[in-house]
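I have placed the structure first, in the form of C-alpha cells, so that the comments after it can refer back to it.
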Amino acid sequence: MFYLKHLVFNKPLVTINEEGFYDNSSMIATGDRLVHWKEVKDISLRYFGGQSYITVALKDPYKTLEHEDLATRMIADYNTQYTEGEINIMLKFVTKYSDEECLMFMQNAFEEYKRKQKLSGKEDKEFAFLENTLD
C-alpha cells in the first residue's frame, strides 16, 4: 500500500528546508510533521538489513515523537538499538542521488542551521541543559 501511494501521489521521500525536514520514506515515517533541526543531535549514514538509511539521532526523542502514533514510537525505540538513531530515512527508492549525496544534503542543511544559530547568538534554551549533560 505504501509504495503504491508513493507512485500515485509522487511525494518526495524527504523534504529539507532551513527549519528541518519531512520524512516520507516509509509507512512509519514522520510524514507531514516537520522535524526541526533544533531537535536533531546527529545525522549519519547506516546500513542495516541490506538497506541504507540516513539515521537521525534526536536530542529528546520522547518529546520530538510524543505526537506520533504508537507504532512509530515503538519503531523509533527499536531503531536506536540497531542504528543509533530514532529516525531512519530509507534510501532504497532514491534514484537521482547516491547514498553519500543524500547524507551530504542533510548534513549541510543541519550544519547551516547550527552556523546561523551561532551567528545570531540564539541558543535553544529548551535543549541546552540536555546537551550539556549528555556530552
**Study point:** Local net charge near N108, Cβ-Cβ under 13 Å (Lys/Arg +1, Asp/Glu -1)
**Key:** -2
Revision key, fill the gap. Under the 7 Å Cα-to-Cβ spin-label approximation, L119 and K92 lie apart by a distance in nanometres of 4.0
Study note, to complete from the structure: Ranked output for segments 94-102, 34-42 by mean other Cβ atoms within 10 Å, highest leading, reads 34-42, 94-102
Exercise for review: Give, as a single signed number, the net charge of other residues whose beta carbon lies under 14 Å from the beta carbon of S44, with Lys and Arg counted +1 and Asp and Glu -1.
Suggested key: -4
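Just so you know, all these numbers are worked out from the coordinates, no wet-lab data involved. Quantities reported herein were computed from a predicted structural model and do not represent experimental measurements. Counting neighbours? That spans all protein chains shown, and the Cβs are built from the backbone with ideal geometry, glycine included.
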